[in-house]
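First comes the structure, then the notes that go with it.
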Amino acid sequence: MSNKPDATNRNRIIRLLLRLTIYIFIWILTTGCWDRKEVNDLAFVMGAAIDQKGEGLLELSVQVFIPKAEGGGSASLGGTSPKGGQEQTMVRSAEGVSVADAMSHLQEKLPRQVFWGHNEVYIFGQARAQQGIREDVDYMLRSPEPRERANVFVSKGMGKDTLRLIPPLERNSSEVLREISKFHTGLQVTIKELAEMLTGDANAAALPYIVILPPEPDKQPNQTIAYIQGSAILKDGKMVGKLDSLAARGILWLKDELKTSVITVAPSHSKGSVSLRMIRSNTQLHPSIVNGVWHMDVHIETEEDVQQNTTGISLMEPEWVKTIEISVDKLIENRVKRALQPAQERFHSDIFGFADAFHRKYPKDWSKAKANWSDTFSKMEVRIISRSHIVRPGISNPDATSPEKGVDSQ
């Protein structure tokens, strides 16, 4: 009788045991806590600011979370109180010729290792933004620690002044900016998106511009918040100007980034106003080149429902609904033009993505116009076509059944 099957089985078992031993050995080497970092050894960055300190010199400031107040008590919500409560964050700064250089000096001033995993806010001081931020963004993308999805802002004055604020509601000023960005009432730009705009076809970008709200009369100077007030316009990585809040809303319409809005219009031949809540919005860019002239048609379609009607006019009448829709269309067109006109005439910066639209549709023509795109964009003919639809007019008051009430006889 042959022993060949037994030998085959033994070899199979030996190979299985050898393979299992190798797996166990690898598992032992790749697990464990040899490279662990204790929470007590980390300084959690909640926000960061970069300011210009002189020719060839910048200042990096970080807002560091204080996990526990002295004496074992928990930190007080909202920071320092007039009665002597404990702050929940502290701000530390260091200078350097670059962000990486300043970062190395900053670490020397902290007893814990700087940890960027919780940072969701970057603030560029206005002077630094005017000097240029390309190299700063380069560091944030190359370094594995800073978060690419953190929101970016440009501040009036020094960026670190915003980090020092103690808001009355949120835990720190960085959290205030993060929550405001979530509302989508203004521009919301991340580090990743900023890098894409700075390296895109248009080489231009728009960032939310923040200012510090004056404190209440009975509050300390730093017991307030910063809020978004318009947009900073960047060209070739440098801030070249600013748009106000209404113009910034026009940027959102053009870029199809408006998520929520309440529109108030005063319809013609009526007294009072109508406020509408935008349900959805869609913007489409239609580029064309006719006889060597570059054109852009911007089609904006929106749907709204009526939130308040103070005209006394019945919105059950189709002709009055149409009148309100025309008023909404005019308002949208005016706001878009308020952003478009300075971008073309003053800043010569395509912050709306027109370059990408032409590049996709006319790649050959685009390759010829790329070098002088600022001039082409400035001379471009742009037509705004807005089409609004009121889908839920509702009944706003008992007197709305009288179409004559509130109508201006003139």
If I compute Rg and Dmax of the Cα atoms in Å from the structure I just sent, which labelled value in (i) 28.9, 118; (ii) 32.3, 119; (iii) 22.1, 68 lines up?
(i)
Anything over 21 Å Cα to Cα? Flag those among Lys235/Lys330; Lys109/Lys219; Lys156/Lys235; Lys192/Lys255; Lys160/Lys238, in the order listed.
Lys235/Lys330; Lys109/Lys219
Quick check for me: using +1 on Lys/Arg Cβ and -1 on Asp/Glu Cβ, what's the dipole size of the chain about its Cα centre, in debye to the nearest 20?
1240
Computed [θ] at 222 nm, helices only, for the chain once each DSSP H run of length n ≥ 4 contributes -39500 (n - 2.57)
-9500 deg cm²/dmol
Which ³J(HN,Hα) values in Hz, rounded to whole numbers, follow from the phi angles of the stretch 255-268 under the Karplus curve 6.51 cos²θ - 1.76 cosθ + 1.60, where θ = phi - 60° and Gly and Pro get x?
8, 6, 10, 7, 9, 8, 6, 10, 10, 10, 10, 10, x, 5
Here the relative contact order (percent) of the stretch 247-410, from C-alpha pairs under 8 Å and at least 6 apart, is 34
State, as an integer percentage, the relative contact order of the chain based on alpha-carbon contacts under 8 Å between residues 6 or more apart.
12
For the stretch 247-410, what Kirkwood radius comes out of the mean inverse Cα-Cα distance, in Å?
17.4
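Read-outs throughout are calculated quantities, based only on the coordinates presented, and are distinct from any laboratory measurement. Predicted model only: the values in this text are computed from it and were never measured. We place every Cβ from the backbone using ideal geometry, glycine too, and count neighbours over all the protein chains shown.
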